[in-house]
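Report on the following structure.
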Amino acid sequence: FPVPACPRADLRSTTTATRTRTLPRANMIRHGGRARRAIAAALALLVLGTLATTATAIYEDQVGSFDWHQERLGRVTHATFAGSKANKRAFVATEQGAIGSLDFNTGDISWRHVLEPGDAVDRLLVAGRVLVSLSSGGKYLRGWSLKDGTLLWEAVTYTAAAPSAEAAKERGADRGVDLLPLGRDADGDGAEDVLVLARGEVQMRSLSDGVIAWTAEAATRCDDERGDAGDDVARFNRLAVVGADDSIVAVGATAERGHPVAAEIDPTSGAIRRVAIATGVQGLDASSKMTVSATDAKEGVAVFGAARDAGAGADEAPTKLFALDLGKLLALAGSRGAGKDVASVFAVPTALELGAPGGTIKLEPVRGADGAGDVAAA
């Protein structure tokens, strides 16, 4: 099934014999109706938990054989693909700070760049005929030529400057990072745009030069409207595009009690239309990566992620899952409802346990290459 490395390949930089483990073949499930989302919530765990380790996995009937093996790159952390069937390419980022392009059929390296030490890649995707990388906790956004790896542009999404030491500490604690292509030209410069989430802010930038069109301070707006947020501040984690007008939604949870939060943003101006919080739900893990899944019509958007028991501290490891209905959450904006039905927090089904019962749940995002969210199950 789709894994962060190139299909049927191992891209580790090692000169010793490669050890592999088997992985059953998987089926892809497209969210096409509301009735299937409850099932998908449980299935999502299996995918999300295994993504962190599947870079070295192959199928049972492929043990002992490779289409190709490539060294000199490092352990792959991100991969995306582009090109025609006859000239398809894989673009990868590795733990060693390399970004490179490989021929999908032969494994030959077309080009490779190594970033500065410590400049780890957070996201990597192809949008508007540009390879886009986001690194260093969302600080550096870069556009690369698909053909030869030329650095087309580079942008800094935030600086260390802050109005106070307390504000600087708060910004540094917000680790939510995401990158999402809008798929259209919203600012009128003739190029598609991309959305960036970093340190509680959402930005829209042009894929032609990385120039910013607008910034929406989602976390600040959410905390201001709550008034009594105190230490339980909003932590946004993922971005989604929903509805007929391509509204942008930042979704996450509060840092301490784990209440689900969302901010809806106008795609043209960056104005925050509404913010919502469901105080009737607790335990969502704001620090773990969340997965957004939706139909092709961008309706019935569901969010999956890790959760804790209600009342558990933010420093405790998550051992449960949550499934969140984003539409129900946004509907709480301006109301006094607690929103107890917007999300379900539940224990991992016994049949889907990936390790020792009660072990830490590790999550990685899954987003369909066709623009719709997909969930895969082994």
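The values are calculated or read from the model by the stated rules, or taken from the named source; none is laboratory data. If you're wondering where the values come from, they're calculated on a predicted model, not measured in any experiment. All Cβ positions, even for glycine, are placed from backbone atoms using ideal geometry, and neighbour counts span all protein chains on display. Side chains are part of the model used for accessible areas, which takes the heavy atoms of the whole protein and leaves out ligands, DNA and RNA. Shrake-Rupley method; radii C 1.70, N 1.55, O 1.52, S 1.80 Å.
Note: the range 71-156, Cα convex hull, 82 Å³ per residue. For the range 71-156, the share of accessible area belonging to carbon and sulfur comes to 47 percent (1.4 Å probe, ligands and nucleic acids excluded). The slack between residue 315 and residue 112, meaning 0.36 nm per residue of separation minus the straight C-alpha distance, is 69.2 nm.
Dipole check for the range 71-156: with +1 at the C-beta of Lys and Arg, -1 at the C-beta of Asp and Glu, and the Cα centre as origin, the magnitude is about 320 Debye. Using 7 Å Cα-to-Cβ label points, what is the residue 95/residue 154 separation (nm, one decimal)? Distance between the two pseudo-spin positions: 2.6 nm.
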